């Protein structure tokens, strides 16, 4: 299936020069959404994965669906102040400032094998922060999976040495 043709581009959103990748068009196409999850499930079945970790907010959509399909726990990584128990925090740089993410300190144990999920890989800042949290918790990253990779922004390089997989690689940033 040509996933790229299903994902809508919104020019100049949220600011001029940005080509926003609107995944809602893929989500409302049940066949396409199902196929994304099936492809990922097939990719990770038999790899002794202990949990699926998803980034707020759109990584929750894909990560939770994948975790459900595989019968695995889903671990959310959230913005500060959204998780009720004890957390660890990682700060990261954005093109327009800084942000932070948190995960429950007891979400994973040392040696847990995880797949990290988000919808879009741009510069890699968000996922690099999640990788640092995985390292702090002692989890082992099997792979980082994205629906879309904006190749010109070189996020994959920032995530090295971790393996990265994206269903759609586009030159439109």
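Checking the structure you have, find out if any residue of the stretch 144-157 is farther than 23 Å from residue 22 by Cα and over 12 Å from the mean Cα position of the chain (by Cα).
Of all residues in the stretch 144-157, those farther than 23 Å from residue 22 by Cα come to 157.
Narrowing the set further to residues that are over 12 Å from the mean Cα position of the chain (by Cα) leaves 157.
There is at least one residue in the stretch 144-157 that is farther than 23 Å from residue 22 by Cα and over 12 Å from the mean Cα position of the chain (by Cα).
Consider residue 111 against the criteria (1) surrounded by fewer than 19 Cβ atoms within 10 Å (Cβ to Cβ); (2) over 20 Å from residue 44 (Cα atoms): it satisfies all of them except one. Which criterion is unmet?
(2)
So, in the stretch 132-147, how many residues would count as being surrounded by 22 or more Cβ atoms within 10 Å (Cβ to Cβ) and assigned to a strand (DSSP E or B)?
4
Checking the condition at pLDDT below 95 and part of a strand (DSSP E or B), which residue from 119, 99 passes? Full working, then the answer.
Details: 119 fails: at pLDDT below 95.
Residue meeting the stated conditions: 99.
Do you know which residues across the stretch 19-34 are touching a strand residue (DSSP E or B) at 6+ places or on another chain (Cβ under 9 Å) and either touching a residue at least 12 places away in the same chain (Cβ under 8 Å) or within 21 Å of residue 164 (Cβ to Cβ) (or both)? Break it down stepwise before answering.
We begin by selecting, within the stretch 19-34, every residue touching a strand residue (DSSP E or B) at 6+ places or on another chain (Cβ under 9 Å); these are 19-26.
Selection gives 19, 21, 22, 23, 24, 25, 26.
This table checks each residue for (1) more than 17 Å from residue 117 (Cβ to Cβ); (2) modelled with pLDDT of 95 or more.
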site: 8; (1), (2): yes, yes
site: 49; (1), (2): no, yes
site: 57; (1), (2): no, no
site: 68; (1), (2): no, yes
site: 77; (1), (2): no, yes
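May I ask you to say which residue of 129, 69 is assigned to a helix (DSSP H, G or I) and within 21 Å of residue 41 (Cα to Cα)?
Numbers: 129 fails: within 21 Å of residue 41 (Cα to Cα).
Answer to the check: 69.
Being at pLDDT 95 or above, part of a loop (DSSP other than H, G, I, E, B) and under 17 Å from the mean Cα position of the chain (by Cα), is that true of even one residue in the stretch 79-95?
Within the stretch 79-95, one or more residues are at pLDDT 95 or above, part of a loop (DSSP other than H, G, I, E, B) and under 17 Å from the mean Cα position of the chain (by Cα).
Could you please give the count of residues in the stretch 36-56 that are surrounded by 14 or more Cβ atoms within 10 Å (Cβ to Cβ) and either in contact (Cβ under 8 Å) with a residue 60 or more places away in the chain or in contact with a strand residue (DSSP E or B) (Cβ under 9 Å, 6 or more places away or on another chain) (or both)? It would help to see each step written out before you state the result.
Going through the stretch 36-56, the residues surrounded by 14 or more Cβ atoms within 10 Å (Cβ to Cβ) turn out to be 36-37, 39-41, 43-44, 49-56.
Within this subset, residues satisfying the condition of being either in contact (Cβ under 8 Å) with a residue 60 or more places away in the chain or in contact with a strand residue (DSSP E or B) (Cβ under 9 Å, 6 or more places away or on another chain) (or both) are 36, 39-40, 43-44, 49-56.
Looking only at that region, the number is 13.
Considering the stretch 1-21 alone, what residues qualify as being within 21 Å of the chain's Cα centre (by Cα) and either more than 18 Å from residue 169 (Cα to Cα) or not in a loop (DSSP other than H, G, I, E, B) (or both)?
Those that are within 21 Å of the chain's Cα centre (by Cα) and either more than 18 Å from residue 169 (Cα to Cα) or not in a loop (DSSP other than H, G, I, E, B) (or both): 3, 4, 5, 6, 8, 9, 10, 13, 14, 19, 20, 21.
The values are calculated or read from the model by the stated rules, or taken from the named source; none is laboratory data. Since the model is a prediction, treat every value here as computed from it, not as a measurement. Positions of Cβ are generated from backbone atoms using ideal geometry, with glycine treated the same way; all protein chains shown enter the neighbour counts.
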